[in-house]
Amino acid sequence: MILVVGAIGYFYWIYRNQGKKAMLIEMREKAYALMLLAEKKFDTGEEKFDWVAEKLYIAMPNSAKVIFSQDDIENLIQKIYENLGDFLDDGELNNSFI
């Protein structure tokens with residue numbers, strides 16, 4: 001719980017002081033960390049995805065939720081997963097990951 005409250009405060013500070021683009025970068029990094037934690041915590045891909053999406057959305061400041069919906073967060077997480085898989089399969093971002 002403390003981690004979530006801290007993340008909310010941090011995302012809000014980034015959003016207010018550095019803008020939307022900086023907050024998206026921070027959210028992407030947080031999503032990576034949550035993905036790694038979910039790998040250890042859950043068995044199925046759906047459980048992992050849902051948990052990461054929920055935690056990331058909860059951590060967003062309310063002002064950012066006006067801009068980004070739950071679906072936007074899920075799309076961001078899916079894109080991060082695809083990019084990560086694409087890079088890990090051959091060391092390049094070249095759309096070779098299925």
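The values are calculated or read from the model by the stated rules, or taken from the named source; none is laboratory data. Note that the structure is a prediction, hence the values are computed from the model and not measured. Positions of Cβ are backbone-derived with ideal geometry, glycine not excepted, and every protein chain shown enters the neighbour counts.
List of remarks:
- Residues in the stretch 42-58 that are exposed (fewer than 14 other Cβ atoms within 10 Å of the Cβ) and in contact with a helix residue (DSSP H, G or I) (Cβ under 8 Å, 6 or more places away or on another chain) were compared, and the one that is farthest from Lys30 (Cα to Cα) is Glu47.
- Breaking point among (1) modelled with pLDDT under 80; (2) among the aliphatic types (A, V, I, L, M); (3) closer than 23 Å to Leu88 by Cβ, for Met35: (1)
- Total residues in the stretch 59-88, condition surrounded by 12 or more Cβ atoms within 10 Å (Cβ to Cβ) and either modelled with pLDDT of 90 or more or in contact with a helix residue (DSSP H, G or I) (Cβ under 6 Å, 6 or more places away or on another chain) (or both): 9
- Scan of the stretch 89-98 for residues that are of a type in the set (A, V, I, L, M, F, W, C), more than 15 Å from Arg28 (Cβ to Cβ) and surrounded by 10 or more Cβ atoms within 10 Å (Cβ to Cβ), ordered by number: Phe97
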